[in-house]
Amino acid sequence: MEQTLFVAIVVSDPLISQDVAGIFAFWQAGCVCRTFETVRQAREVPDETFDPALVFVAARGGVLDLDSEDLSWIEQRAVITLDLGETSYFPHWQHLNRPFTQAQVIQAAHCLMSAGDVERVDAE
């Protein structure tokens, strides 16, 4: 029996967050996605109700608006960024840019969630 995958989608655009949630639902049947405006909102949800293993987070203006608590929380999870300008600070994350495809999101998630070496997803 597979364990449920919990995904936090931190994207302010509702069309993009809905699209990303649909992609994860297609990739993992039974995947539980919740959308948030900020990382802070995601981390403030009690762990016993929603503890995401994967976070899909969109940068605003090429940067992530994270305080030290947000960064600490997000660093404990697998992360896919969207439109992050400077990706070299986070080589262990997957980074996508718009426009992205369903296949790129799935490949990025698969690389993060499977054991082994992290492969880069070519999504630029």
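The values are calculated or read from the model by the stated rules, or taken from the named source; none is laboratory data. In this text, all values refer to a predicted model and were calculated from it rather than measured experimentally. In this analysis, Cβ positions are derived from the backbone assuming ideal geometry, glycine residues included, and neighbour counts consider all displayed protein chains. Just the protein is used for accessible areas: all its heavy atoms, side chains included, with ligands, DNA and RNA removed. Shrake-Rupley method; radii C 1.70, N 1.55, O 1.52, S 1.80 Å.
With each label modelled as a point 7 angstrom along the Cα→C-beta vector, the Glu75-Ala53 pair spans 2.2 nm. Per-residue ellipticity at 222 nm from helix content only, as computed over the chain with -39500 (n - 2.57) for each DSSP H run of at least four residues, stands at -9000 deg cm²/dmol.
Remind me, relative contact order of the chain in percent, using alpha carbon pairs under 8 angstrom and six or more residues apart? Numbers along the way, then the final one.
Numbers: 191 pairs, mean separation 26.6, N = 124.
Relative contact order of the chain: 21 percent.
Would you kindly state how much longer the chain becomes between Glu86 and Glu37 on full extension, computed as 0.36 nm times their sequence separation minus their alpha carbon distance, in nm to one decimal? List each step's numbers first, then the result.
Working: separation 49, 0.36 × 49 = 17.64 nm, distance 2.11 nm.
Length gained between Glu86 and Glu37: 15.5 nm.
In the complete set of protein chains, residue-level accessible area for Thr49 is approximately 90 Å², probe 1.4 angstrom.
Net charge within 10 Å of Trp93 by Cβ-Cβ distance, Lys/Arg positive one each and Asp/Glu negative one each, not counting Trp93 itself?
0
Nearest 5 percent is fine: what portion of the DSSP beta bridges confined to the range 13-110 is antiparallel? Can you show the working numbers first?
On the way: 1 of 9 bridges.
Bridges in the range 13-110 that DSSP calls antiparallel: roughly 10 percent.
Scattering from the chain was approximated by placing one identical point on each alpha carbon and applying the Debye formula without solvent; log10 I(q)/I(0) at 0.14, 0.16 1/Å stands at -0.54, -0.72. Excluding ligands, DNA and RNA, the accessible surface per residue across the range 1-77 is 58 Å² with a 1.4 Å probe.
Shown in residue order for the range 80-93 are the 3J(HN,Hα) couplings computed by the Karplus curve 6.51 cos²θ - 1.76 cosθ + 1.60 at θ = phi - 60°: 10, 9, 10, 6, 7, x, 10, 8, 5, 6, 10, x, 8, 9 Hz (x for Gly and Pro).
The label-point distance for Ser12 and Phe26, in a model that sets each label 7 Å from Cα toward Cβ, rounds to 2.7 nm. On the chain, 50 percent of the accessible area sits on carbon and sulfur atoms, based on a 1.4 Å probe.
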